[in-house]
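Report on the following structure.
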Amino acid sequence: MTGLTRFVPFHTPLADMAMLQNRFNSIFNDFGRTETEQESLTMGSFIPPVDIYEDAQQLVLKLEVPGIKQENLDVSVENQMLTIKGERKMETDQKEENFHRIERSYGSFTRSFTLPQTVDSAAVKASYDAGVLTITMAKKEAAKPKQVKVEIGPPASGIKQVEAKAAA
């Protein structure tokens, strides 16, 4: 049996090291997933990405959950903990053995967020549009910024005396 050997015109120990490194890289690329990543892929669970921002009036979370029906989403608040649960189900009209590749994640997810004390947990609203779940939470009145107008008047008499002594 004959095998093909790659001809390297400038064979050096450094070239051997580079070849060995390339082989190791290809091995680890094939088997480089951690156990939890492999488990989550086989179980079909996923974690939807979230954007969180706030302004003076409210705190807003936007979860990207395309392909999940509104009735398969659950949003609840208990003890200053916001919990979002959902499930993306695989279409049952196609047989799994007919697929060439499945890259989208399926299964259930749970995301929990501890809410700051400034948020009114009774004033939570959720809306769902185009695969994005938006959760809006109003801030408590005490937490909202208040602007106080300060009137600037003439200097007090004590200040004039200090200024006069400093000038002398």
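Quick notes
- Entries in K62/K146; K125/K146; K62/K85; K85/K125; K85/K140 that, when Cα-Cα distance is taken, lie over 20 Å: K62/K146; K125/K146; K85/K140
- Amide H to amide H distances under 5 Å link K139 with Q58, L59, D120, where only residues 5 or more positions off or on other chains count and H is placed in the peptide plane.
- Estimated inter-spin distance, E91 and N79, nm [label 7 Å along Cα→Cβ]: 4.3 nm
- Calculated FRET efficiency for the pair F99/V148, C-beta based, R₀ 41 Å, to 0.05: 0.05
- The smallest convex shape that holds all Cα atoms of segment 44-143, its convex hull, gives 99 Å³ per residue.
- Stretched out straight at 0.36 nm per residue, the stretch from Y53 to S127 would grow longer than its current Cα-Cα span by 25.0 nm.
- Under a 5 Å amide H cut-off, with hydrogens placed 1.01 Å from N, V65 pairs with V132, L133 among residues at least 5 apart or on other chains.
The numbers here are math on the coordinates, done by the rules we state, and not lab data. Since this is a predicted model, take the numbers as computed values, not measurements. All Cβ positions, even for glycine, are placed from backbone atoms using ideal geometry, and neighbour counts span all protein chains on display.
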